[in-house]
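Below you'll find the structure, written out as structure tokens, and then a few comments.
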Amino acid sequence: MSKALEKNNIPNAFKSIYDQEIAIRILTNSIRNKRVSHAYLFWGPEGVGKKLTAKAFAKTILCPDKELGGCKNCNTCVRIDKETHPDLLIVKPTGKTRLITVDTIQEIISLAHFRPYEGERRFIIFDDADRIGIPAQTHFLKTLEEPPSNTTFILVTANPGLILSTIRSRCQPVRFQYLQPETIKRILIEEKSLNPDEATKLANLSQGQISRALEIYQNSKPLVILEIFNKLVNKKDPLKIAEEFEDFLDTLRKTAEAEFSINSAEKKELTPEEINQLKEILSAEIEAKVSHEFESCLFLINCMLRDMLIYHQTQDKSMLYYPEAVEIYTSWQPEKIYSALEFLGKVRGYIRRNIERGKVIRDLLFALSPHF
Ligand SMILES: [Zn+2]
């Protein structure tokens, strides 16, 4: 047995994957026991390294350096990284509809029945596997029932519920976890060239997902939230601020609607069944996006209130998410901050119980205002 696969050793290719010990253990064991499955379901939050792990898994098996279990530098590993290796196929949803159709699945299935070109095994990775259309899923199911030898399918998804249960039950599930703030900080510094202060702050705001950290980095939301607190200090009418905040959320909804729409040319390429499924997926995605955006706003408000408390207690700027806002923090008394936090804690419940969002936002603004 190669050194990489001796008990307690981690194959080299997995060493650049962080905070996913359980997933890595499952995969390493399956190589060690020579029981590499025909199909895996990699599921868990967005932006925590699922696809990266799938590629590392392919390296562990295809890299000629069996001692190390993936060397990073050989022709095989380099081409896997670049996604140009002939035995690695990454299937992504394409076109604006972003649906993997029956035609695509048929092509993939016929490919899967040929021997791999170079290595001992072919890897077919579905990035966003929940985007495989239902007719295509039904088709794919038949393949999973009699899987081709030498091919491993990896279905990567943050929404396993959108995949037919009959498909899920034929895949070995591999669950992925949220990342630690330290990991996110390191990735932001090393791979995105952010400075350490900025990286620390974003890592703390990221809720364990690198994609969320980048989204906050590239997004206007933190500024919008900061602006709300500035207006409150300056005694602007909370009702007016609530209105502006709702306008902001409406803009986000319109952006999501534009992003998730289908035009007539695209519709022509799909069956009526696929169009219906797509409409359902798209409207679910718009709702999910809008509520995700609203959640992020609540989270940022929460961070700011937390900052105020810490600053009141310690006068230490270094522990704050929003150190640039300390000048206004003294306008809030601790008891006001506690009651605002208490209200904020109830907001999700109100929204779940379908209390009109506008009313919740107005009440929230009054709860946040230091002058009421
Ligand atoms: Zn290699």
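I need the helices (runs of 4 or more DSSP H) fully contained in the range 12-126, keeping only those with at least 2 residues that are closer than 16 Å to PHE153 by Cα.
Passing ranges, in order: 21-32, 50-62, 102-112.
State whether one or more residues within the range 252-268 are open to solvent by 70 Å² or more (accessible area, probe 1.4 Å) and more than 26 Å from ARG98 (Cβ to Cβ).
No, the range 252-268 contains no residue that is open to solvent by 70 Å² or more (accessible area, probe 1.4 Å) and more than 26 Å from ARG98 (Cβ to Cβ).
Suppose we keep only residues that are surrounded by fewer than 18 Cβ atoms within 10 Å (Cβ to Cβ) and of a type in the set (D, E, K, R) within the range 323-343. Which one would you say is farthest from the chain's Cα centre (by Cα)?
If we take residues in the range 323-343 being surrounded by fewer than 18 Cβ atoms within 10 Å (Cβ to Cβ) and of a type in the set (D, E, K, R), then GLU335 is farthest from the chain's Cα centre (by Cα).
Out of all the residues in the range 78-108, which are in contact with a His (Cβ under 9 Å, 6 or more places away or on another chain) and within 13 Å of the ligand (Cβ to nearest atom)?
VAL78, ARG79
Are any residues in the range 269-284 open to solvent by 40 Å² or more (accessible area, probe 1.4 Å) and part of a helix (DSSP H, G or I), and if so, which ones?
Within the range 269-284, PRO272, GLU273, ASN276, LYS279, GLU280, SER283, ALA284 meet the criteria.
Anything in the range 216-236 that is among the hydroxyl-bearing types (Ser, Thr, Tyr) and part of a loop (DSSP other than H, G, I, E, B)? List them, or say none.
Listed by number, the list holds a single entry, SER220.
If I ask for residues that are under 17 Å from LEU205 (Cα atoms), open to solvent by 40 Å² or more (accessible area, probe 1.4 Å) and in contact with a helix residue (DSSP H, G or I) (Cβ under 7 Å, 6 or more places away or on another chain), which ones from the range 302-322 would you list?
Scanning the range 302-322 gives ASN302, LYS317, MET319.
Hey, does the range 122-142 have a residue that's within 16 Å of the ligand (Cβ to nearest atom), on the phi < 0 side of the Ramachandran plot and in the same structural domain as LYS15 (by TED's automatic domain parsing)?
Checked against the condition, which is being within 16 Å of the ligand (Cβ to nearest atom), on the phi < 0 side of the Ramachandran plot and in the same structural domain as LYS15 (by TED's automatic domain parsing), the range 122-142 yields at least one hit.
Any idea how many residues of the range 237-251 are closer than 20 Å to ASN302 by Cβ and either open to solvent by 70 Å² or more (accessible area, probe 1.4 Å) or assigned to a loop (DSSP other than H, G, I, E, B) (or both)?
0
If you check ILE167 against the conditions, is it in contact with a Ser or Thr (Cβ under 6 Å, 6 or more places away or on another chain) and crowded, with 20+ Cβ neighbours inside 10 Å?
So ILE167 does not fit the description; no.
Residue-by-condition table, conditions (1) closer than 18 Å to ASN73 by Cα; (2) modelled with pLDDT of 95 or more:
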site: ALA4; (1), (2): yes, no
site: ILE17; (1), (2): yes, no
site: ASN29; (1), (2): no, no
site: ALA39; (1), (2): no, yes
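What about SER206, is it among the small types (Gly, Ala, Ser), touching a Lys or Arg at 6+ places or on another chain (Cβ under 9 Å) and surrounded by 14 or more Cβ atoms within 10 Å (Cβ to Cβ)?
Yes: the conditions hold for SER206.
Can PHE294 be described as farther than 19 Å from ALA213 by Cα and not charged (D, E, K, R)?
No; evaluated as a whole, the condition is false for this residue.
Go through the range 47-64 and give me each residue that's out of contact with any Leu (no Cβ under 6 Å at 6 or more places or on another chain), touching a residue at least 24 places away in the same chain (Cβ under 8 Å), within 13 Å of the ligand (Cβ to nearest atom) and more than 15 Å from ILE10 (Cβ to Cβ).
Answer for the range 47-64, where residues must be out of contact with any Leu (no Cβ under 6 Å at 6 or more places or on another chain), touching a residue at least 24 places away in the same chain (Cβ under 8 Å), within 13 Å of the ligand (Cβ to nearest atom) and more than 15 Å from ILE10 (Cβ to Cβ): LYS55, LEU62.
Pairs, please: C-beta under 7 Å, at least 6 apart or cross-chain, first residue in contact (Cβ under 8 Å) with a residue 40 or more places away in the chain and in the range 67-78, second of a type in the set (Gly, Ala, Ser) and more than 6 Å from the ligand (Cβ to nearest atom)?
Taking only residues 6 or more apart or on different chains, the pairs are GLU67/SER2; GLU67/ALA4; LEU68/ALA4; GLY69/SER2; GLY69/ALA4; GLY69/ALA13; GLY70/ALA13; GLY70/ALA56.
Could you go through the range 283-296 and let me know if any residue there is more than 22 Å from the chain's Cα centre (by Cα) and within 30 Å of GLY133 (Cα to Cα).
no
I'd like to check something: does the range 18-27 contain any residue that is more than 19 Å from ARG122 (Cα to Cα), within 16 Å of the ligand (Cβ to nearest atom) and surrounded by fewer than 16 Cβ atoms within 10 Å (Cβ to Cβ)?
No - not one qualifying residue is present in the range 18-27.
The values are calculated or read from the model by the stated rules, or taken from the named source; none is laboratory data. Here the structure is a predicted model, which is why all the values come from computation and not from measurement. Heads up, the Cβs are rebuilt from the backbone with ideal geometry, glycines too, and the neighbour counts pull from every protein chain shown. Quick note on the areas: whole protein, heavy atoms, side chains included, nothing else; ligands and nucleic acids left out. Shrake-Rupley method; radii C 1.70, N 1.55, O 1.52, S 1.80 Å.
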